[in-house]
Each structure stands twice: as structure tokens, then as C-alpha cells.
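Have a look at the structure below before the remarks.
The values are calculated or read from the model by the stated rules, or taken from the named source; none is laboratory data. All values derive from a computational prediction rather than experimental measurement. Cβ placement follows ideal geometry from the backbone for every residue including glycine, while neighbour counts extend to all protein chains displayed.
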Amino acid sequence: MAAAAIVLSATVLHAALPTEPDISGRTSFVGQLLIASPALRQPAFDHAVILLARHDRDGALGVVINRPADKHSIASLLAAFGADASGVTDSVRVFVGGPVNLNVGLVIHSADYRRPETLDIDGRVALTGAPGVLRDIGLGKGPAKSLVAFGYAGWAPGQLDNELAHGVWVTLPEDPALVFDDDRSQVWADALARLKPDR
């Protein structure tokens, strides 16, 4: 994918992800991990674990956290975005965040970092659109932990609720260790292992 095509403006991100969930009488699963049921075999979601960033009456949006792709230098990403790459070092692993809008760049990160457009998901993890956060990461003043993803998973109004009711997904409260630290090839199994036996 062309790096220049994977920018999400701060304005678009902020409009797409309200800072306060509107649950309108239903349960919001914002801040939960959606764990694909073993029976879910769609290629985009087979063994997927998704951090849910938005869930309200208008639908839901999440980022797959266990689909690592290639590693890219931060400077090359910033240059492709048309952003200032001076003084930037290091590389980042890019993740496929979901099948929707692979041209959208998002960074899930620890809540110690904030920009004006940052969405605080649950007080422990947050979401910010690229490329500003990428530049800060490359300058060594970004979040303590981060996961860079392109694309996301999206659901129409009521769609996720229906899938949850039919057992397509099981939920688990977000855990920074699962989001950032665990071996990506083990995240799905590790998440399932954390579920209580009666779930």
C-alpha cells in the first residue's frame, strides 16, 4: 500500500470517534477486546482480536491488534505523508487494523501521551490519527507504548450487537499487556485463556 494514502486527518478522526460514547440505553463495549469465536472463519477476522474504540447508536469501530505486517522507517512514512521527517529515527511495525479503509492510519497507544485529537478509550489506552503521533514517536517523545495500524473494523448501527448476541465474538476488558506486549501470534489464544470458564 502506498504510504501517502494512509493518512487520516485529525478532523476526520475526531468526527468519527466521539470522546463520549452515546450508548442510548444499551451497553457500550468501548474499551473491550472483541475475540473472534473459533467458528468465525472470514479471512479478515479469523482468530482476530479487536480493541473496540467506538460503540454507540451509529455503529462501532475497532482496530485489529494481532495482524502484524511489514516494518517501515518512521522517516519514510512521514516523508510519504508530506510531513517533516527531520531528526526522526527508528522503525515501526505496521499492523493491518481491519478490512475497512486501509488508507486510514491510526496509532493505539498508552494513555501517557495526548494530542488535541487523541481519543481516550478507557484511561489506559488511547487512539490518535497519524502522522503527528508518528513524528513524536520518531523523535523519542511519543507514548511509552504504541501500535501503528492501517485500516479498521467497522459495524453499521446494531450490527455488532447482533453479532455479539449470536456468539460471533466474545468480549474481555482491554489489557495493555494483550494490546502491546504479548507475542502477536499468541494474542488470540492468550485472550481466550483469560476468559472465565462460565463465559
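Total residues in the range 145-171 satisfying the condition of being more than 25 Å from Gly87 (Cα to Cα), free of Cβ contacts under 8 Å to residues at least 40 places away in the same chain and in contact with a strand residue (DSSP E or B) (Cβ under 7 Å, 6 or more places away or on another chain): the figure is 1. The single condition from (1) surrounded by 17 or more Cβ atoms within 10 Å (Cβ to Cβ); (2) under 15 Å from Val148 (Cα atoms); (3) of a type outside the set (Lys, Arg); (4) out of contact with any His (no Cβ under 7 Å at 6 or more places or on another chain) that Val94 fails is (4). If the condition is being surrounded by fewer than 16 Cβ atoms within 10 Å (Cβ to Cβ) and either without any contact (Cβ under 8 Å) to a residue 24 or more places away in the chain or hydroxyl-bearing (Ser, Thr, Tyr) (or both), then the range 172-189 contributes Ala177, Asp183, Ser185, Gln186, Ala189. Of the residues making up the range 48-59, those that are surrounded by fewer than 21 Cβ atoms within 10 Å (Cβ to Cβ) and in a loop (DSSP other than H, G, I, E, B) number 2. Scanning the range 59-84 for residues that are over 22 Å from Glu174 (Cα atoms), in contact (Cβ under 8 Å) with a residue 40 or more places away in the chain and not small (Gly, Ala, Ser) yields His72, Ile74, Leu77, Leu78, Phe81, Asp84.
For the range 60-73, the set of residues classified as closer than 19 Å to Asp122 by Cβ and either more than 15 Å from the chain's Cα centre (by Cα) or part of a strand (DSSP E or B) (or both) consists of Ala60, Leu61, Gly62, Val63, Val64, listed by residue number. Between Gly132, Gly87, Gly142, Gly105, the distinction of being crowded, with 21+ Cβ neighbours inside 10 Å, touching a residue at least 40 places away in the same chain (Cβ under 8 Å) and not acidic (Asp, Glu) belongs to Gly105 only. Every listed requirement among (1) of a type in the set (S, T, N, Q); (2) within 21 Å of Ile35 (Cα to Cα); (3) touching a Leu at 6+ places or on another chain (Cβ under 8 Å) is met by Ser110 save one, (3). Looking across the range 1-47, just one residue is in contact with a helix residue (DSSP H, G or I) (Cβ under 7 Å, 6 or more places away or on another chain), modelled with pLDDT of 90 or more and either assigned to a loop (DSSP other than H, G, I, E, B) or at positive phi (or both), and that is His47.
Within the range 143-184, can you find the residues that are more than 17 Å from the chain's Cα centre (by Cα) and either closer than 30 Å to Ser76 by Cβ or among the polar types (S, T, N, Q) (or both)? Residues satisfying the conditions are Gln159, Asn162.
Any idea how many residues of the range 126-160 are over 17 Å from Gln32 (Cβ atoms), in a strand (DSSP E or B) and either in contact with an Asp or Glu (Cβ under 8 Å, 6 or more places away or on another chain) or of a type in the set (Phe, Trp, Tyr) (or both)? Residues in the range 126-160 being over 17 Å from Gln32 (Cβ atoms), in a strand (DSSP E or B) and either in contact with an Asp or Glu (Cβ under 8 Å, 6 or more places away or on another chain) or of a type in the set (Phe, Trp, Tyr) (or both): 3 in total. Taking the listed residues Val94, Val63, Val100, the one that is modelled with pLDDT under 95, touching a Gly at 6+ places or on another chain (Cβ under 6 Å) and not hydroxyl-bearing (Ser, Thr, Tyr) is Val100, with no other qualifying.
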